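Quick notes on the structure that follows.
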Amino acid sequence: MAWLALAWQWAVYNLSLAAATWWGPKVLASVVLVAVGPVLVRVLQSRIRRLGLDGDDRLWWQVTTRNLLFGGMVVGLAIVWAQQIEAVMISIVAIAASLVLALKEVLLCLSGSVYRAFSGAFKIGDRIEVAGWRGDVIDHGPLATTLLEVGPGREVHQVSGRLVSLPNSLFLSHPIVNESFTDEFVLHPFEVPVSHANWRQAERVLLDTANEVCTPWLEEAREWLGRRLDRWSVVPVAVEPRVQVIVEGADLLRLLVRVPCPARKKGKVEQEILHRYLDSAASISALR
C-alpha cells in the first residue's frame, strides 16, 4: 500500500507542477493588472485634482480616466485569458447547438403554447380545426392540446368518441379555425344539392324551413350577433337565414344555406332543417 501512496503523491506533484507552469504566468499577469489598475486610477485622479480645473471639467476627467483604465484592465484580462475564453465559448456554443437540436420539437411546442396564449386563438370548450383535425378543446398544456374529436369531416357535428392530442408546434405552421369564436350564437352554413328543374321551389322551401326552425331564437341571435359582427366586420352583416345558389355543373346546383343558431346546436339545427326539407313533397322532386 505504501507504493500506492507514493504513486499518488507523485502524480499530484506532477499535475500541480504542470498546472503551475501553464497557469502561473497568466495568474501572475492577472494579479498585476488587478492590483495596478486601482493604483493608477488613484494616482491619476490625484494629479487631475492638482490641475486646478473647474468642478465640471475635473469631474469629467476623473470619471473618464477611471472608466478608461478599468476598460483597459478588462481588455488586458481578456487578452491574457483569450485561449481559455475561446475554449469555453466554443464549448458553450457546442452545448447550446446540441441542446437545440435535441430539444427542437419541445422548443417548438413551447413556442406554440406561447403563441396560443398571447394570440387568444381559442380556449377550453371551443371547437377548432387544425391541420385537418377537428374537435372540442378539453385540455391544453405547454406541450400539447387535447381535442374531443368531432366528425369525420366538416359536415358532421357529432362527437366521434376519440381523443386527439395535438402537439402545440402545429399552431406555428397551420392556421387555427375556431368555429366557436362567439359563445352564444354562430352563423352556420351547409349545402344542399338540387337539380336545375325545381331549384327555385327548393330554394323557397329551404328558406321557409330555415326561418321556421330559427324563429324561437332569431331575435335574440340578431341582437347578440349584431353587436359583435358590427365590431368585427367592416360592412353590415345580415343575420337572418339566407340561401345562395352555386352552379356546380350543367345539371346540378348547390344551395348554400346559412342560418343563425346556438353555438352548441349547429348539427341539431342543420338536421332539423334538412329533415323538414326532405319531408316536403315539393322538395323531394328537386333532389337529384
> Hey, among the residues in segment 91-122 that are closer than 20 Å to ASN178 by Cα and among the hydrophobic types (A, V, I, L, M, F, W, C), which one's farthest from the chain's Cα centre (by Cα)?
Replying inline: PHE122
> For residues in segment 173-205 being aliphatic (A, V, I, L, M) and in contact with a helix residue (DSSP H, G or I) (Cβ under 6 Å, 6 or more places away or on another chain), which is surrounded by the most Cβ atoms within 10 Å (Cβ to Cβ)?
Replying inline: ALA202
> Pairs, please: C-beta under 8 Å, at least 6 apart or cross-chain, first residue assigned by TED's automatic domain parsing to the domain that holds VAL75 and in segment 28-50, second modelled with pLDDT of 75 or more and among the basic types (Lys, Arg)?
Replying inline: VAL41/ARG66; GLN45/ARG66
> For segment 238-271, how many residues are of a type in the set (A, V, I, L, M, F, W, C) and over 38 Å from the mean Cα position of the chain (by Cα)?
Replying inline: 5
> Using beta carbons and a limit of 8 Å, which pairs, at least six apart or on different chains, have the first residue in segment 79-104 and loosely packed, with under 11 Cβ neighbours inside 10 Å and the second one part of a loop (DSSP other than H, G, I, E, B)?
Replying inline: none
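The values are calculated or read from the model by the stated rules, or taken from the named source; none is laboratory data. If you're wondering where the values come from, they're calculated on a predicted model, not measured in any experiment. A quick note on method: Cβ atoms are made from the backbone with ideal geometry, for glycine too, and the neighbour counts reach across all protein chains shown.
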